[in-house]
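Visitor: My questions will all concern the structure given below.
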Amino acid sequence: MSKAWKLRPPQGWRTVAWELAVVTLGVLLALAAQQWVESRTVRAKVEASKAALRDELAEHYGYAVEFRTVFPCLQAQLHRIRDRVLASGQVLESIPIYNEGDNSYVVRIPSKEFPTAAWEAAVNDGIIQRYEPSLRRQLAGHYTQLETVRDATWANTESEQGLAALAHPLPLDPVVRFSIVTDIEKLSGRLENMDILHGQIIDYIEKVGMLPGPEAAQAITERYGTYKFCKAHGLPMRSFKDAMQAEPN
């Protein structure tokens with residue numbers, strides 16, 4: 001066998017091993033650095049997602065406080081309409097109609113649409129899987145409940161549109177009177193259920209630790225149209241302190 005095929009001396013093997021170790025270490029350091037950067041990026045995305053959710057839940061909280069504040073006013077409006085229908089003779093004594101910009105109504109009810117963009121983004125991007133299990137569970141319950149509130153709000157809008165007919169001197173017979181009063185009682189019961197749902201919304205926001213300050217919620221509520229309407233007409237309302245109390249889920 002020629003000398004060209006002889007193995008390298010031990011010194012050559014040590015050099016190769018050293019070079020291999022250096023290359024391996026470099027790869028490992030590069031991978032560690034990449035993982036560190038990716039971890040920081042994910043954490044940043046999670047924090048940004050939570051910040052967006054905090055802002056979104058603050059808006060939900062303001063809507064919930066508003067509804068619970070004006071709930072007695074909503075019932076008082078309906079009772080006033082019901083009593084007029086019952087007290088009218090063969091022709092309905094017309095219900096007063098109120099005008100606000102391009103809108104006309106005989107009963108003023110909040111019709112807020114709860115935003116869900118921050119939650120949907122967290123779910124679609126997979127960021128929600130990075131949340132703590134308890135936080136993820138509470139948020140899922142909260143946003144699922146908003147669907148029930150949304151459906152009830154749409155039903156309220158339809159009822160409001162129907163009640164607008166009471167602004168006219170309608171002929172009343174027992175069947176018509178019964179139908180009108182039944183519709184009013186259904187709307188009253190739905191509003192009562194929504195009052196509980198809005199209290200449970202507050203409970204969810206408390207449990208996830210994203211409850212905004214009460215002063216901000218009060219200031220926002222005082223700018224909403226239904227609150228201003230109820231105050232202007234001297235109708236009963238809850239205190240802000242009572243309105244901010246949660247209903248356990």
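Visitor: Using only the alpha-carbon atoms of the stretch 50-145 as identical scatterers, what base-10 log of I(q)/I(0) does the Debye formula give at q = 0.10, 0.18 Å⁻¹?
Guide: -0.48, -0.89
Visitor: Next up: So which GluC sites (Glu not before Pro) in the stretch 106-170 end up in coil per DSSP with only 16 or fewer other C-beta atoms within 10 Å? It would help to have the intermediate numbers written out before the result.
Guide: Values: sites: 113, 120, 147, 158, 160; in loops: 113.
For GluC sites (Glu not before Pro) across the stretch 106-170 that sit outside H, G, I, E and B with at most 16 neighbouring Cβ atoms in 10 Å, the list reads 113.
Visitor: Pick from 31, 146, 78 the residue whose mean-square fluctuation is largest in a GNM of the chain, springs joining Cα atoms under 10 Å.
Guide: Ranking 31, 146, 78 by mean-square fluctuation puts 31 first.
Visitor: In addition: Within the chain, which DSSP H helices have Cα atoms that stretch 15 Å or more along the helix axis and a mean Kyte-Doolittle hydropathy of at least 1.6?
Guide: none
Visitor: Just checking my list [x] 1.11; [y] 1.40; [z] 0.93 against Rg/Rh (Cα atoms, Kirkwood Rh) computed from this structure; which label fits?
Guide: Here Rg/Rh (Cα atoms, Kirkwood Rh) agrees with entry [y].
Visitor: Cα-based count: Lys pairs in the stretch 56-243 below 27 Å, eight or more positions apart or different chains?
Guide: 10
Visitor: Running a GNM on the chain with Cα contacts under 10 Å, which residue among 108, 68, 223 ends up with the highest mean-square fluctuation?
Guide: 223
Visitor: Compute a Gaussian network model of the chain, connecting alpha carbons closer than 10 Å, and tell me which residue from 102, 183, 173 fluctuates the most.
Guide: Result for the chain, Cα springs under 10 Å: 102 fluctuates most.
Values quoted throughout were computed directly from the atomic coordinates according to the rules given, and no laboratory measurement underlies them. Computed from a predicted model, the values in this text were never measured in an experiment. Using ideal geometry, Cβ is built from the backbone for each residue, glycine included, and neighbour counts are taken over all protein chains shown.
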